[in-house]
Amino acid sequence: MSDLISLLAAAAAVAAFVVSLLVLRIVSLNGAREDRAADEIAGLERAVSDRLGAIRLGMEERLGTLTTTIAREQGEVRVAMQAGMRQLQDQSAARLAAIQTSVNEQLHASVERQMKTSFQRVLEQFAAVQKAMGEVAAMTAQIGDLKRLFSNVKTRGGWGESQLRAILDDVLPPGAYETNVKLDPRSAELVEFAVRMPVRGAARPLLAIDSKFPVEPYERLLDAVEGVDPEAERAARRTLEAAMRLEARKIASKYILPPTTVEFAVLYLPTDGLYAEVARIPGLVDEIGRTSRVLVMGPGLIPALLRTVHLGYVTLALEEKTEAISALLGATRQEMIRMDQVLERLGRNASTMSNTIEEARRRTRVVARRLRGIEMPAGADPELEGADAVSPEDAPPDRLGLE
């Protein structure tokens, strides 16, 4: 750019010098010493012609050097920009792939670890149930103590509720259940425990769990089994079956109220021996679950259900974390798009700079054509005059065009 400015300054000096020569020539024509002035003017014209030739050669050399330098710099800038953009794209792709791989590995490991732990606990609980059912005969010897302990209805009800509360506290996270909940505002009935189900949204449905202990039919059944009285055993089983059906219908009518609750409820039996006798009645548990939508469970089975609910809470937390990670990846993608736009603007600015340099070269050529259009002095070299002839496409415009 500095070479271009010096060339323009030299052209301006030459133009001023030519104007002075023209002024001297006009003065000489009007003076008394016309011959002497003509000789001086001829000498000056030859000097100017030589000077113009030297300046033209210098300008041509400098323009050639400037053109080569600009072309080389443009090529270097273009190559550097392309390499930078490729490197940036490769780095961005590698980072996104690393983030995605890390997220997938962490989610997979966490879910797999939790699933293995949960299923292992479920298997352990079922094994415990089977072991407990095998020990029913041994527990028969302790029926006397059980009778004395549960002779009072209030005592046995409080014991069953305390046992169920201990299981809920042991399995579920804090705040996952409520006690003595009124499900229907129009009714005064209270359910002992209501578990909040792990679903999306602020209004989570409740799972009603009610503890029941029909001790009288159970004692009659145990007495009949101990006395080896088949008729009394069958009668006691029918009485226990009727009591279970009645309690299931009560729970269904009081505590299954969608959408406040889920579509089913749980009837909890506080001893594995009682649950084993109920489960031995053919089709009773399945029929209660099908008709009344009530699940009958004992101390060995209900932890498995509660651990499934707990797993739902864990899954919900993982989904929320996944959404947060997805939002982070979306924001990263938006930043990459903005970076691409910045690079695009940088490319347009480089193109604008190239166009500006080309415009300067064009204006330099216009100045050169204007200088070549000045009247040639007498005795000038014909070959030089032919070399300065203007081609049709380079014909000078009506005005210089400099702004």
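Taken together, the values in this text are just the output of simple stated rules run on the coordinates, not laboratory data. The structure displayed is predicted, hence computed values, not measured ones. Every residue, glycine as well, gets a Cβ built from its backbone with ideal geometry; the counts of neighbours run over all protein chains shown.
Odds and ends about this structure:
- Summarised as an ellipsoid, segment 181-234 has semi-axes of 41, 14, 7 Å, derived from the eigenvalues of the Cα gyration tensor scaled by 5 and square-rooted, with the largest first.
- Segment 51-66 versus segment 213-282: alpha-carbon centroid distance in Å: 114
- Here the alpha carbons of segment 300-360 define both size measures, Rg and Dmax, at 26.6, 92 Å.
- Stokes-Einstein translational diffusion, segment 241-318 - Kirkwood Rh over all Cα pairs, 0.890 mPa s, 25 °C, in µm²/s: 182
- Rounded to the nearest 0.05, the FRET efficiency derived from the C-beta distance between residue 360 and residue 197 at R0 = 56 Å is 0.15.
- Per-peptide average of other Cβ atoms within 10 Å, ordering 215-222, 228-235 highest first: 215-222, 228-235
- Mean Cβ neighbour count within 10 Å, used as a protection proxy, ranking 316-326, 238-248, 270-280 highest first: 270-280, 238-248, 316-326
- Nitroxide proxy distance, nm - points 7 Å out along Cα→Cβ at residue 127 and residue 88: 6.0
- Spin-label model distance (nm) - residue 46 vs residue 336, 7 Å beyond Cα toward Cβ: 7.6
- As a calculated quantity, the FRET efficiency between residue 73 and residue 39 at R0 = 56 Å, using C-beta atoms, amounts to about 0.65.
- With R₀ fixed at 22 Å, the C-beta to C-beta distance from residue 317 to residue 100 puts the FRET efficiency at about 0.60.
- Over 21 Å between alpha carbons, listed pairs 131/250; 182/250; 116/212: 131/250; 116/212
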